[in-house]
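A short worksheet on the structure shown next.
The values are calculated or read from the model by the stated rules, or taken from the named source; none is laboratory data. Source: prediction; values computed, not measured. Cβ: placed from backbone, ideal geometry, glycine included. Neighbour counts: every protein chain shown.
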Amino acid sequence: MESDAIGEAARGRMLWWLRHRRDWARSFRLRYGRAPSARAMVDSEAAIRAERRNMRRCTRQAREAYGLLRGHVGSRGHQAKHASRRARYDRRDQLEREREWMEAAMVVDTTTGEAIPLAKVARQPRQRRAELHVVTRGMIDYEIAQGRWPHFITLTLPATWHPAPKFGRAKWDGSLPVAGQRELRRRWALARARAKKAGIDLVGGRFVEPHSDGCVHWHQIQFLRDDAVQRVVDILTAVFGGLGPAVRIERARSAEGAAKYCMAYSAKTAACGDGEIGKHISGDDLEGVDAWRSTWGIRGWQLFGLKGRLGVWRELRRQLPPDAPAPIAQLAGLAKTGKFREFHTPDRGRDAHY
């Protein structure tokens, strides 16, 4: 189905289902594996948008699964790396529609009455990457000062998850990248729980990247004390070892090297590879990585161990109540000046992500 046909099908389906909202919600959960939002349960237009959005997602993933089955994705000459050519076309069309909508939508300043195009105030990929650079550099400086040195860790899946491996014969069992992401998340949660029981607080970030055939793998930066490195390796090997040779760890040579490591992967995973930002990432198919992420709905990066500090950081950069106490005002000053090292404290809360 094409985009216009999906829109018409979603509206036609909802004309009947809106008379039976409770049955629609049950059907929605069965078809898409998630519950509709509270707004979609009471707002007809929101329900139509939710139906259209999920139909488009399922259509894109079905097309890409067919492409994987037919061998359209891989590193050989007739294949496209990371994502099929149809997925790339769909992603370009999606970005174009998004750009047109953001240029047409307006935001009105309630104090002055000025109307501003949404495209001028919306958060752009360049801004997301700039924030990631400031936060990760602050984390690196702070953790090194606390005696925890950065280490690079790679977590991968075995051959049965690869549709078209670069070397050797394919042993693919039909598992899709979104299932591989769920498997890595499940095992990572188990590894964090075991590390917590061992008295190790894992702090760092992860960057999700596809192999050339679309199979998912993770690159992590973790801050570890010298006496905890071997214990963390043992935990990761025990949890991920059943997946084959799935764990690789390397000690960073310097703080600058750790920062460059994060920035190189952020250009590929945070949808920041266009234009000047991606020029230093030579030899990488940035469009294919972006299309892969969009098709399978996989988050590009996530910081762990911060325990809500990034959420507070963002909120204080947006606004500060006029009657805020002195400690909050001081934190707001650190946030607005980009001093995440001073802002980052041992009192960490929930994981931060976007």
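Structure values in brief
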item	result
Residues of region 54-77 that turn out to be in a loop (DSSP other than H, G, I, E, B) and closer than 22 Å to THR160 by Cα, as a count	6
Residue, farthest from ARG57 (Cα to Cα), within region 166-196, restricted to residues that are in contact with a helix residue (DSSP H, G or I) (Cβ under 7 Å, 6 or more places away or on another chain) and of a type in the set (A, V, I, L, M)	ALA195
Positions within region 212-233 being buried (at least 18 other Cβ atoms within 10 Å of the Cβ), in a loop (DSSP other than H, G, I, E, B) and touching a residue at least 60 places away in the same chain (Cβ under 8 Å), in sequence order	SER212, ASP213, GLY214
Qualifying residue in region 52-74 (condition: surrounded by 14 or more Cβ atoms within 10 Å (Cβ to Cβ), within 25 Å of the chain's Cα centre (by Cα) and over 28 Å from ASP285 (Cα atoms))	yes
Tally of residues being of a type in the set (A, V, I, L, M, F, W, C) and crowded, with 20+ Cβ neighbours inside 10 Å across region 113-152	4
Condition broken by ASP285, with the remaining ones in (1) crowded, with 18+ Cβ neighbours inside 10 Å; (2) among the acidic types (Asp, Glu); (3) more than 28 Å from GLY180 (Cα to Cα) satisfied	(3)
Answer from ALA83, ALA47, ALA40, ALA9 - the residue that is surrounded by 12 or more Cβ atoms within 10 Å (Cβ to Cβ) and closer than 21 Å to GLU209 by Cβ	ALA83
Helices (runs of 4 or more DSSP H) within region 82-186 that include 2 or more residues more than 17 Å from the chain's Cα centre (by Cα) and assigned by TED's automatic domain parsing to the domain that holds ALA267	125-145
Among residues of region 189-199, those that are without any contact (Cβ under 8 Å) to a residue 40 or more places away in the chain, assigned to a helix (DSSP H, G or I) and among the hydrophobic types (A, V, I, L, M, F, W, C), counted	2
Filter result (in a helix (DSSP H, G or I) and among the hydroxyl-bearing types (Ser, Thr, Tyr)) within region 1-51	SER3, SER27, TYR32, SER44
Residues of region 200-211 satisfying the condition of being part of a strand (DSSP E or B) and either in contact with a Ser or Thr (Cβ under 7 Å, 6 or more places away or on another chain) or at pLDDT below 90 (or both)	GLY205, PHE207, VAL208, GLU209
